[in-house]
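Down below is the structure, laid out as structure tokens.
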């Protein structure tokens, strides 16, 4: 077996903008035995991140039980790089919301979301998480988790089958591969606008409640006859 020792020559900074020169240099190196792949650093980051997603499961009901099937031998989510589930949001790439979210539970979910490191993603799994499900008209249930945190992927179903969960996770992979890590990524700005709109809506709701309270207090009491 012949061992080749290709000579890699230097390249000037201005030559990096010459695609034809780079292509000819790569062809020369490949012919000499050096396996060179030309690409962008963004593409390398996207490939590594999309195929090594660590989930943090926030399960409150039956969808969380269905998610356990993904880790078993029949479906084996390790094939896609999803198997390293974390118990801490600080070590996770995305949070999988599964089940009914009540207003009492909502502050805990928001706090866990804020503890996650960037870049972070949210998946709404199941009808209860997406829109409130059969408990939508309940006084204590959040009508969709996207009312409190921004959602990247929705998985409808009651509960969604493991195949549907795989499809949703693969959509998250596609979204990550289409993003940019070095400039041009506007996800932080989009999330900032989401929370600004949420704060404005809460302020408007509080103002309306105060106006209704003042209106009730200003009413003249009924006279007992």
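The values are calculated or read from the model by the stated rules, or taken from the named source; none is laboratory data. Bear in mind the structure is a predicted one, so any value in this text is a computation, not a measurement. Here the Cβ is made from the backbone with ideal geometry for all residues, glycine too, and neighbour counts use every protein chain on show.
Quick notes on this one:
- Filter result for residue 124 (touching a strand residue (DSSP E or B) at 6+ places or on another chain (Cβ under 9 Å) and either in a loop (DSSP other than H, G, I, E, B) or at pLDDT 85 or above (or both)): yes
- Residue among 90, 104 that is at pLDDT 85 or above, in the same structural domain as residue 71 (by TED's automatic domain parsing), part of a helix (DSSP H, G or I) and out of contact with any strand residue (DSSP E or B) (no Cβ under 8 Å at 6 or more places or on another chain): 90
- Flag if residue 154 is within 27 Å of residue 193 (Cβ to Cβ) and modelled with pLDDT of 85 or more: yes
- Whichever residue in the range 111-121 is out of contact with any strand residue (DSSP E or B) (no Cβ under 9 Å at 6 or more places or on another chain) and without any contact (Cβ under 8 Å) to a residue 40 or more places away in the chain and, among such residues, is surrounded by the most Cβ atoms within 10 Å (Cβ to Cβ): 115
- The one condition from (1) assigned to a loop (DSSP other than H, G, I, E, B); (2) not assigned by TED's automatic domain parsing to the domain that holds residue 152 that residue 119 does not meet is (2).
- A residue that is within 30 Å of residue 149 (Cα to Cα) and either at pLDDT below 65 or surrounded by fewer than 14 Cβ atoms within 10 Å (Cβ to Cβ) (or both) occurs nowhere in the range 8-19.
- Counting the residues of the range 70-105 that are free of Cβ contacts under 8 Å to residues at least 40 places away in the same chain and crowded, with 20+ Cβ neighbours inside 10 Å gives 1.
- Within the range 127-140, the set of residues being within 17 Å of residue 108 (Cα to Cα) and surrounded by fewer than 19 Cβ atoms within 10 Å (Cβ to Cβ) comprises just one member, 140.
- Look at (1) modelled with pLDDT of 70 or more; (2) closer than 21 Å to residue 111 by Cβ and you find that residue 191 fails only one, number (1).
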